[in-house]
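J.: The structure follows.
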Amino acid sequence: MADQRTGSAGSAGASTAELLARVSDQISRLVRDEVALARLEMTAKVKRVGTGVALLGGALVIAVCGVAVLLATLVLLLALVMPAWLAALIVTVALFAVAGLLALLGRSAMRRVGSPMPDEAIDSVKTDLHAVTGVIQARRNGASQAAQMNGRGNT
């Protein structure tokens with residue numbers, strides 16, 4: 001008897017129910033194997049992404065420290081021509097002004113996004129669902145009309 005995976009010689013004498021059972025088992029096995037493969041692949045990718053995120057986080061911390069030192073340098077530079085407290089105040093006000101501007105721009109960008117729902121994907125699924133139900137209804141209507149035609153022709 002042939003291997004069930006190939007379905008050649010063993011399928012010749014099998015009943016329709018046996019063939020459907022084999023197909024169902026093979027599809028289930030295929031789906032399980034594909035899900036397992038996807039899981040392994042995603043696990044490996046998540047590990048690589050985690051390493052990248054950690055390195056980027058470290059770079060961000062060091063960059064923030066660099067910006068702090070740069071701002072201290074700016075305060076010290078301004079302190080050469082004015083009192084130190086005034087230099088620190090000017091740098092602080094400038095930083096808050098930049099932060100406020102970035103906050104306003106960020107809020108504006110967030111408002112333009114709109115709903116967090118994937119509207120295009122939802123519309124696409126609805127369209128697909130209507131198309132499938134339309135085909136099913138058309139086939140049902142065609143089958144019932146054919147049955148009515150057959151019933152009229154026999155009487």
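Every read-out reported here was derived from the displayed coordinates using simple, explicitly stated rules and does not represent laboratory data. It should be emphasised that the depicted structure is a prediction, and the values quoted were computed from it without experimental measurement. In this analysis, Cβ positions are derived from the backbone assuming ideal geometry, glycine residues included, and neighbour counts consider all displayed protein chains.
J.: Which value at 222 nm does the chain reach when only helices count, each DSSP H run of 4 or more adding -39,500 (n - 2.57), with the total divided by all residues and rounded to the nearest 500 deg cm²/dmol?
T.: Details: 3 runs with 129 residues, N = 155.
Estimated from H runs of four or more residues: -31000 deg cm²/dmol.
J.: In Å and from the alpha-carbon atoms only, list the Rg and Dmax of the chain.
T.: Spelled out, the Cα radius of gyration and Dmax of the chain are 34.3, 111 Å.
J.: Describe numerically, in nm with one decimal, the distance between label points set 7 Å from Cα along Cα→Cβ at Ala84 and at Asp25.
T.: Modelled inter-label distance: 8.4 nm.
J.: Around Val35, under 14 Å between beta carbons, what's the net of Lys plus Arg minus Asp minus Glu among the other residues? Can you show the working numbers first?
T.: Values: positive: Arg29, Arg32, Arg39; negative: Asp33, Glu34, Glu41.
Summing Lys/Arg as +1 and Asp/Glu as -1 gives 0.
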